[in-house]
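The values are calculated or read from the model by the stated rules, or taken from the named source; none is laboratory data. Every value quoted in this text rests on a predicted model; they were computed, and no experiment measured them. Note: ideal-geometry Cβ built from the backbone for every residue, glycine included; neighbour counts use all protein chains shown. With ligands, DNA and RNA removed, areas are computed over all heavy atoms of the protein, side chains included. Shrake-Rupley method; radii C 1.70, N 1.55, O 1.52, S 1.80 Å.
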Amino acid sequence: MTGGPDELTQTAPRNHRVLVVEDDPTMAEVIAGYLSHSGMLVAVASDGVMALDSFSAFKPDLVILDRMLPRLDGTHVCRKLRETSSVPIILVTALGEEEDRIHGLELGADDYVTKPFSPRELALRAQALLRRSAAQPVVSAPRELRVEDLTFDPATRHAAKAGHPLRLTSRELDLLGFFFTHAGQTLRKDELMQQVWQWQVGDTAMVSVYVRRLREKIETDPAAPTILTTVWGVGYRFG
């Protein structure tokens, strides 16, 4: 392990509330220590049922969620949270296969780490998600961009379909905002990874998952999309 908690202090968002859901008390203590040293307020839950209760009481800005939990596993917790909230979720899993990572994203997680991992890396990922969620857009950005019956306000990061607000996660809002500002362009998956989330390396299948999640919320018929379409062999086109 490189570095220590004190290295994170200057770059972390302050006073954000993070719920750590981890049944291993030693691991939970280490993660909570890194997050606390970086200025975050941390609550810990040791099983899935406690996680849901703690989420309601603590009202966190971010959830770090172990996939393997007693009483109610992390996949069920993630699914339940996504029914009512778009709070950023980092899924922690001992399963390193691509299909398991993709499944976690399909459930609604915003990011994932696989065990064994560096607590410092996890804290940095948490910081990045919190900063993105709290980011203030450029004031001069045009208000209420529109494509068909879909609207997006860059100043408030508010999206609506036919006048009804859409509940989108932070990464889904990142992607939708980028598509709106590049409407009509064909965008490659690797291009989206680099320009939307600044991922220089990674699995482009993750982009497919976020696109699928976004289509489920913005398309009248996600199986036959008309707003966010696939350009086979190249990428995606919006608008």
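Among the residues of segment 138-145, are any at pLDDT 85 or above, open to solvent by 50 Å² or more (accessible area, probe 1.4 Å), β-branched (Val, Ile, Thr) and under 25 Å from Pro165 (Cβ atoms)?
No, because not a single residue in segment 138-145 is at pLDDT 85 or above, open to solvent by 50 Å² or more (accessible area, probe 1.4 Å), β-branched (Val, Ile, Thr) and under 25 Å from Pro165 (Cβ atoms).
Given the criterion more than 22 Å from Arg132 (Cα to Cα), at pLDDT below 90 and among the hydrophobic types (A, V, I, L, M, F, W, C), identify the matching residue among Met1, Met50.
Met1
(1) open to solvent by 30 Å² or more (accessible area, probe 1.4 Å); (2) among the β-branched types (Val, Ile, Thr); (3) touching a residue at least 60 places away in the same chain (Cβ under 8 Å): which one isn't true of Ile227, the others all being true?
Evaluating Ile227 over (1) open to solvent by 30 Å² or more (accessible area, probe 1.4 Å); (2) among the β-branched types (Val, Ile, Thr); (3) touching a residue at least 60 places away in the same chain (Cβ under 8 Å) leaves (1) as the failure.
If you scan segment 200-224, which residues turn out to be free of Cβ contacts under 8 Å to residues at least 40 places away in the same chain, in contact with a Lys or Arg (Cβ under 8 Å, 6 or more places away or on another chain) and open to solvent by 40 Å² or more (accessible area, probe 1.4 Å)?
Across segment 200-224, the qualifying residues are Thr204, Pro222.
Among all residue pairs at least 6 apart or on different chains, which show Cβ distances below 9 Å where the first residue, located in segment 53-77, is free of Cβ contacts under 8 Å to residues at least 60 places away in the same chain and the second is open to solvent by 80 Å² or more (accessible area, probe 1.4 Å) and part of a loop (DSSP other than H, G, I, E, B)?
Filtered contacts from segment 53-77: Gly74/Met68.
Check segment 46-64 and report whether any residue there is closer than 23 Å to Thr204 by Cα, of a type in the set (Phe, Trp, Tyr) and in contact with a strand residue (DSSP E or B) (Cβ under 7 Å, 6 or more places away or on another chain).
No, the conditions are met nowhere in segment 46-64.
With (1) open to solvent by less than 50 Å² (accessible area, probe 1.4 Å); (2) modelled with pLDDT of 90 or more as the list, and Thr9 as the residue in question, which single condition is left unmet?
Tallying (1) open to solvent by less than 50 Å² (accessible area, probe 1.4 Å); (2) modelled with pLDDT of 90 or more, Thr9 fails exactly one: (2).
Can you confirm whether segment 86-95 contains a residue that is open to solvent by 30 Å² or more (accessible area, probe 1.4 Å) and modelled with pLDDT of 90 or more?
Filtering segment 86-95 for residues open to solvent by 30 Å² or more (accessible area, probe 1.4 Å) gives 86, 94-95.
Retained after the next criterion (residues that are modelled with pLDDT of 90 or more): none.
Scanning segment 86-95, I find no residue that is open to solvent by 30 Å² or more (accessible area, probe 1.4 Å) and modelled with pLDDT of 90 or more, so the answer is no.
Scan segment 150-157 and give yes if some residue there is under 17 Å from Tyr236 (Cβ atoms) and of a type in the set (D, E, K, R), otherwise no.
The answer is no; no qualifying residue exists.
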